[in-house]
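In what follows, a structure is listed as structure tokens, so that the remarks can point back to it.
What follows draws every value from the coordinates through simple rules; no lab data is involved. Because the structure is a prediction, the values reported are computed rather than measured.
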Amino acid sequence: RRITEIRVERHGDLVLLDVWGNAFLRNMVRILAGTLADLGAGALDKAALQAILESRDRRVGGQTAPPQGLCLVEVFFK
């Protein structure tokens, strides 16, 4: 699975997370959202985020965000 782009935008209290990729694993976007929320809340710093990515180990990542508020917007087929 390959993530090609992630875009995060804040609109007041609302945070929009757009994720583009060729396919997604179960809970993959929820894990990304939770880990980025931890980063934004100060529970993780940039160095920790880099270490998580380099470890390639889900167990060292951030929380899994709840499904409420997440929605699939569009699917593109080649």
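HN-Hα J couplings of segment 37-52 from phi, Karplus 6.51/-1.76/1.60, θ = phi - 60°, integer Hz, Gly and Pro as x?
Values, residue by residue: 5, 4, 4, x, 7, x, 6, 10, 10, 4, 5, 5, 4, 4, 5, 4 Hz.
Along the three principal axes, how long is the chain when you take its alpha carbons, biggest first, rounded to the nearest angstrom?
Sorted from largest, the Cα extents of the chain read 35, 32, 19 Å.
May I have the pair-distance distribution P(r) for segment 34-78, computed from all Cα-Cα distances with 5 Å bins from 0 and rounded to whole percent?
Once binned at 5 Å, the Cα pair distances of segment 34-78 give 5, 19, 22, 17, 13, 16, 6, 1.
List every residue whose amide H lies under 5 Å from the amide H of ILE3, counting only residues 5 or more places away in sequence or on a different chain, with H placed 1.01 Å from N in the peptide plane.
none
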